[in-house]
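The values are calculated or read from the model by the stated rules, or taken from the named source; none is laboratory data. Because the structure is predicted, anything quoted here is derived from the model rather than measured. Don't worry about glycine lacking a Cβ; one is built from the backbone with ideal geometry, like all the others, and counts go over all protein chains shown. For the accessible areas, the whole protein counts, side chains as well, though only heavy atoms, and no ligand, DNA or RNA atoms are used. Shrake-Rupley method; radii C 1.70, N 1.55, O 1.52, S 1.80 Å.
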Amino acid sequence: MQYCPKCKINIRGHKTCCPLCQGQLQGEPEKNPFPVLAKPKVSNLTFFRICTFILILLELSLLLVRYFAGPQAWSTLLGLSAVIAWADLWIASYFRNNIMKMIVVQLYLLMLITLFFDWNTGMHGWSVAWVIPSLFLSIAITTVIIGKNKRLPLETYVMYLFWNVVFSFLQLIAVRLDRNPFPAPAVVSTFLLLVLGAAVVVFRFRALKNAAGKWFSL
Ligand SMILES: [Zn+2]
């Protein structure tokens, strides 16, 4: 404990001078009860801005290349990959406090990316036949594993499962439009998610109702 001989008071904590008279203190200062966090040299925001700037620089350079050398496959691929990497970084930093949301949003992004690449390479259907059905199941499994692992109440993440079931029906559009060369995985993944959805409705209706009420009142 520190002591001010002028004011004759004890001073708690860690002070450089007396808070009353600004005079010099005697004695040993108490240890700071809060750990002093080292400030990162480059903040997350600065890092993100640097990455955004690099992305813009790259895309502009690619436009320049396009102007002088004409459209080239490698430049399109590089430009797209950079945008995807940037989007991934944005999701990771935006949802850094909610690991479940971060992973779920990234898996949905991955779906769109595979669909996009499939579409741009002649739509052979590998995305809707294999990748997207597996990703829908992965989202449900990841959500449940993280929820159980972090001991979250079902109410906080049951809406992820709800939307997972709803979105999985979109797979049937590709089946109907004959865009899916091998529909079995899509049909099975929709079926499994429906079973999961039915289980939630039957056994955990209260959690679903509360979570849905919060969701739709917002
Ligand atoms: Zn004093």
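Remarks
- Amide hydrogen neighbours beyond the local backbone of ILE11, cut-off 5 Å, H modeled: GLN2, TYR3, CYS4
- Contour minus Cα-Cα distance for LYS209 and LEU45 (0.36 nm per residue): 55.3 nm
- Amide hydrogen proximity for LEU25: with H placed 1.01 Å from N in the peptide plane, the residues at 5 or more positions away or on another chain lying under 5 Å are CYS18.
- Angle of helix 44-69 to the longest C-alpha principal axis of the chain, folded into 0 to 90 degrees and rounded to 10: 40°.
- Helix 132-149 axis versus longest C-alpha principal axis of the chain: approximately 30°, rounded to the nearest ten.
- Relative contact order of segment 25-119, defined on C-alpha pairs under 8 angstrom at six or more residues apart (%): 22
- ³J(HN,Hα) computed for each position of segment 19-29 - Karplus, 6.51 cos²θ - 1.76 cosθ + 1.60, integer Hz, glycine/proline x: x, 8, 10, 6, x, 6, 9, 10, x, 8, x
- Helix 73-94 axis, angle to the chain major axis (alpha carbon atoms, nearest 10°): 50
- Surface composition of segment 14-77: carbon and sulfur make up 68 percent of the accessible area, probe 1.4 Å.
- Filtered trypsin sites (Lys or Arg not before Pro), segment 1-57: DSSP coil and at most 16 other beta carbons within 10 Å: LYS6, LYS8, ARG12, LYS15, LYS31, LYS41
- Mean accessible surface per residue for the chain, computed with a 1.4 Å probe while every protein chain stays in place, in Å²: 70
- Extension gain from ARG176 to ALA69, taking 0.36 nm per residue of separation minus the Cα-Cα distance: 34.3 nm
- Annotation for LEU20 and VAL83: the two label points, set 7 Å from Cα along the Cα-Cβ direction, are 6.8 nm apart.
- Calculated [θ] (222 nm, deg cm²/dmol) that DSSP helices of n ≥ 4 give over the chain, each run adding -39,500 (n - 2.57): -22000 deg cm²/dmol
- Point-to-point label distance, GLU28-ARG12, nm (Cα→Cβ direction, 7 Å offset): 1.9
- Estimated from the Cβ-Cβ distance and a Förster radius of 30 angstrom, the FRET efficiency linking TRP163 and ILE54 is about 0.35.
- Overall shape: prolate for segment 98-217, with the ratio a/c of the largest to smallest alpha carbon gyration tensor axis at 1.5 or above and a/b above b/c.
- Integer Hz, Karplus 6.51/-1.76/1.60 couplings in order for segment 102-117, x for Gly and Pro: 4, 5, 4, 4, 5, 5, 5, 4, 4, 4, 4, 5, 5, 4, 4, 5
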